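The values are calculated or read from the model by the stated rules, or taken from the named source; none is laboratory data. All figures in this text were calculated on a predicted structure; none of them were measured in a lab. So basically every Cβ, Gly included, is an ideal-geometry build from the backbone, and we count neighbours across all protein chains shown.
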Amino acid sequence: MNVDMKRRIFLKQSLAVSAMGVLVGTGMLMPKEALAAWPKEAFQNKDASAAMKALLGTDQFASSADLKLKAPEIAENGAVVPLQVETSIAGVETITLVAVNNPLPLVANFRMSENTIPYASTRIKMGESGDVIAIVKAGGKLYSTKQGVKVTVGGCG
């Protein structure tokens, strides 16, 4: 490896460490949150019910009209299915998204801090048509809503 290549690697690594230091120093990134344990069992579970139990402790949720899930009725491309979740429920701790018929159904889990607006927007892959479930944990209780999405061209699987 020549000197120029070593210098580039050193500069890239130094820049990355400096950026992390600035984010931690300004409070934009908390080391505890950045290094939090990943719920591997939940995200790698192939059964939707078991994945929800592994992450949330149950697969039974109260339905709520205060929870809104915006998803297309028909997704022309399953590789890019836009989803939006918002709620007026106070004290939201997490927002979780589950695509029931996906090979790995648990697709997202957003942790919310105290002063965060309870809203999440993302794009997911869906291998086939099925229900998408949004689950909100607030005040120690779980609320959910679901919507069917018909996929015309699969995106995963």
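May I ask you to verify whether R111 is closer than 20 Å to K40 by Cβ and either outside the structural domain of G91 (by TED's automatic domain parsing) or surrounded by fewer than 18 Cβ atoms within 10 Å (Cβ to Cβ) (or both)?
Yes: the conditions hold for R111.
Any idea which of P72, P39 is closer than 30 Å to V17 by Cα, touching a residue at least 24 places away in the same chain (Cβ under 8 Å) and surrounded by 13 or more Cβ atoms within 10 Å (Cβ to Cβ)?
Checking each option against the conditions leaves just P39.
Is it the case that I95 is out of contact with any Phe, Trp or Tyr (no Cβ under 6 Å at 6 or more places or on another chain), closer than 26 Å to K53 by Cβ and buried (at least 21 other Cβ atoms within 10 Å of the Cβ)?
no
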